[in-house]
1. Checking A:Ser175 against (1) closer than 16 Å to A:Gly70 by Cα; (2) modelled with pLDDT under 95; (3) not hydrophobic (A, V, I, L, M, F, W, C), which test does it fail?
2. Looking at A:Ala119, A:Ala162, A:Ala105, can you tell me which residue is buried (at least 23 other Cβ atoms within 10 Å of the Cβ) and within 14 Å of chain B (Cβ to nearest Cβ)?
3. Of (1) farther than 23 Å from B:Phe292 by Cβ; (2) part of a loop (DSSP other than H, G, I, E, B), B:Ala219 satisfies all except one. Which?
4. Confirm whether A:Leu485 is more than 10 Å from chain B (Cβ to nearest Cβ), surrounded by fewer than 24 Cβ atoms within 10 Å (Cβ to Cβ) and aliphatic (A, V, I, L, M).
5. Considering only residues of segment A:370-403 that are at the interface with chain B (Cβ under 9 Å from one of its Cβ atoms) and among the hydrophobic types (A, V, I, L, M, F, W, C), which is nearest to B:Asn395 (Cα to Cα)?
6. Do we have any residue at all in segment A:205-214 that's closer than 26 Å to B:Trp123 by Cβ, within 14 Å of chain B (Cβ to nearest Cβ) and not aromatic (Phe, Trp, Tyr)?
7. Pairs needed: first member in segment B:321-332, over 13 Å from B:Thr150 (Cβ atoms) and in the same structural domain as B:Ser175 (by TED's automatic domain parsing); second member anywhere, assigned to a helix (DSSP H, G or I) and small (Gly, Ala, Ser); C-beta distance under 6 Å; at least 6 residues apart or different chains.
8. Name the one entry in A:Leu91, A:Leu77 that is touching a strand residue (DSSP E or B) at 6+ places or on another chain (Cβ under 9 Å) and more than 9 Å from chain B (Cβ to nearest Cβ).
Protein chains: 2
Amino acid sequence: MNSTTSLNARLRTPVMSAHDASALIRPGMTVAMSGFTGAGYPKAVPGALAERIEAAHARGEDFRVRLLTGASTAPELDGKLASVDGIQLRLPYQSDPTLREKINAGEVDYLDIHVSHVAQHAWFGFYGDIDIAVIEVSGIRPDGQLIPSTSVGNNKTWIERAAGVILEVNEHQPSGLDGMHDIYYQTALPPHRKPIPLLHPGDRIGGPYLRCPPEKILAVVKTEAPDRSNAFSEPDETSRQIAGHLIDFLRHEIRHGRLPPTLLPLQSGVGNITNAVVAELGKEGFGGLTAFTEVLQDSMLDLLGDGVLDAASATSLSLSPAGLARFANHIAKYRQRLILRPQEISNHPELVRRLGCIAMNGMIEADIFGNVNSTHVMGTRIQNGIGGSGDFARNAYLSCFLSASTAKNGTISRIVPMASHVDHTEHDVAVLVTEQGLADLRGLSPKERARKVIEKCAHPDFRSMLQDYFDRACRESYGKHTPHLLQEALSWHQNYVQRSSMRLP
Amino acid sequence: MNSTTSLNARLRTPVMSAHDASALIRPGMTVAMSGFTGAGYPKAVPGALAERIEAAHARGEDFRVRLLTGASTAPELDGKLASVDGIQLRLPYQSDPTLREKINAGEVDYLDIHVSHVAQHAWFGFYGDIDIAVIEVSGIRPDGQLIPSTSVGNNKTWIERAAGVILEVNEHQPSGLDGMHDIYYQTALPPHRKPIPLLHPGDRIGGPYLRCPPEKILAVVKTEAPDRSNAFSEPDETSRQIAGHLIDFLRHEIRHGRLPPTLLPLQSGVGNITNAVVAELGKEGFGGLTAFTEVLQDSMLDLLGDGVLDAASATSLSLSPAGLARFANHIAKYRQRLILRPQEISNHPELVRRLGCIAMNGMIEADIFGNVNSTHVMGTRIQNGIGGSGDFARNAYLSCFLSASTAKNGTISRIVPMASHVDHTEHDVAVLVTEQGLADLRGLSPKERARKVIEKCAHPDFRSMLQDYFDRACRESYGKHTPHLLQEALSWHQNYVQRSSMRLP
């Protein structure tokens, strides 16, 4: 009560209920919310908004919003709003099962956008005006500056671009987050842009707080709720094999002088496999590592704690409940070496290229020529989105994609004749890894790549089918630079759609 | 004779014939040559090498080399070496008819690489050791520094990385080239990279000359020969219509405050259509423009001469004979405002993003969802290569792709259901333009993009076929985020391969 009063006095802004705050959002508005990989998203206003939308629909009224975020959120946000058909358009990333179904049923328009592009596109005006931003913060300082929460995402841009701002102050977030963020306020529109003065993943180039003009704050809502549980399974045998192949390769590169013993800044996509790679690096005696990545998962936290990792830069802290507890209990140990930045900076092409990141991302499938599909199951169903994989793959020192060689109990080969959707082209994919092995594609022509991918990465159950396709393509293809049989190129996917297996009948 | 003697004395290096110099190149060597879009390539040594290769083959000996350049060269280089089967591997770009045939027959391994990636990949060691560099320069200064020729390309890197260097001093190149280049020597390997201090296309951040340790120079060959004729046809009606649509769009963006009246730095791919766009900009009253591009064609030279273009940055001067004469005659007028840089800098992602380029590139085809194929005819036959289109499209402020809506007398639609090869993904394509119209894809979901592309860009002869495909896909597709009919998606290409037309029989 006391703190509410003082917050009121400080802000001259009503502290109100989520229900009341959600009434500020009207049908057709463009609403930009915080949230990145299930961290730092608003916990209360989206649910209250969903209730209003449901009530409006029951009255026969149309009520949908255009919804922008940092990346994926949680059931309390995407799930609730999707379940009441409250989302007209969604960008730039999602991973919610309910929302995914609506998108793939053709009921929600979804824009799948590079993580580093979103803020600048908003500034360029490509997404139109932003009516309201709903931003979770972990606190409001006496001077009015905002202490960011467990993710930064696009919050700086949403606050700047939105006509009005609803703040959710989540008192459940660790108080030790204060001071951990680095918010760079020197971006500009071309032709006024300057170099971004970051030379090392641990550099701080901005200040720790977000700024918002007090007159823009329409409401403050107090919450006390944890982030979504971002639990990962313990690395399984497949993940450990993939990690082993990649670590052998990194050692090989060190021996040949193409990587320093401390490697180069690691980028690790979200998921169990990339989590396993990071965990194994810790066990394998590496030290003095750094990370310039998008999301900090449990395994990186362990390496920071163990002294394997000197510094880590990200835009989101996506931890399991146990990881979050460890983080909160030992925050002093982490705060100096962990920096959360706006996603525009954490994924910036200029910085990824300058730092020479080692990019490690999962994939849905790769074709024998090294084109990678990160987004579309069977070419048509969106899974999540491209996220930051393109920001890193395109500009990294080494661009690696990792996956088990099969999926769905062996009915799907992750290595296919032709990718059914391409998010990363042959030009941007250097290394493919499955539990079967690692294909180093650097310096190889398309046909050399195909031979290597089939030999090293394909599952034995599909290897001869791939070899047969490739051999016939080499004989019969119209052009023999990138040999394909156009009638057959997508038949594996079509077979799966028709009879739930890519295997020969 | 006198100048040869003085050159000898200055260099302590034998001035020798191309025939003798070519004997330094032995079978299996990796040879890095100068040359970018038919400018600044060595004129004599490649032909002499081809003669040696032909003689060796006649004796039953194997003699092929791995050949690296900046980009495309000319019949005297790629043509001659390909015609004697002297090329084992070629990178990063080519446009020679003879070489193209060998690649598409499966006889030459070809690596198609982003223009900005080549130098760093060579430094990273991804292409192995470089045995000999053959570099055309327009002169050697008394202090031993090298005056670059009409292209810079990868010459800095080739000289630094090669074990030995053969210089071709081409006295036919305009002497006024001296002072026009800007060679940036501050690149480094990660983790030692610094920001590149370029804020404007006209900035000079290095010095005008290339450096080569004298002990590395194995031979100096004197030549006196023009670059390949890079003549372009006068803009035809189709090109003018495409230019008109794009210029209308740029004016629209200026009116809405999304572009300044002086636009943003222009990048213009090589070709008649992009040449026409630049020419039309000059006629339409634009002024104070700048260009940050890869190749300077005739039309940009005209705009520099007319004062429409304030400054232009490129890596190659690819002019028609008439353009080259104008350039040589008025070199003082151009030299201050025209800068030729290493291709690593002219196409650098850091700079393209910072400057906010307007990227305008041709294409082979686009699909209805905005994926662009820049390289493969019918998905399998390489045309030229990706060149710099990816460097710019991925990082530009606006990424535009331009093409006539049909090819081969209307038998090929440039707008297809599914691109048969993807070089630029949906994430990186903002605007598609044909003579039919312009599709602004910013902020649109896949299905919205498809409707817009079919309506605005497709040729009327193919529009209803595309609409029919899309309508059926929206009903029958496995997933309805990016609707496709997998059995039919590549059938247009297959039809063309089988019966030389994409039209319905």
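1. Exception for A:Ser175: condition (1).
2. None of the others qualify; the one that does is A:Ala119.
3. (2)
4. Answer is no for this residue.
5. Selected residue: A:Ile386.
6. Applying the first criterion (closer than 26 Å to B:Trp123 by Cβ) to segment A:205-214 yields none.
Checking segment A:205-214: not a single residue is closer than 26 Å to B:Trp123 by Cβ, within 14 Å of chain B (Cβ to nearest Cβ) and not aromatic (Phe, Trp, Tyr).
7. none
8. Result: A:Leu77 is the single residue among A:Leu91, A:Leu77 that is touching a strand residue (DSSP E or B) at 6+ places or on another chain (Cβ under 9 Å) and more than 9 Å from chain B (Cβ to nearest Cβ).
The values are calculated or read from the model by the stated rules, or taken from the named source; none is laboratory data. All values derive from a computational prediction rather than experimental measurement. Backbone-built Cβ (ideal geometry, glycine too); neighbour counts: all protein chains shown.
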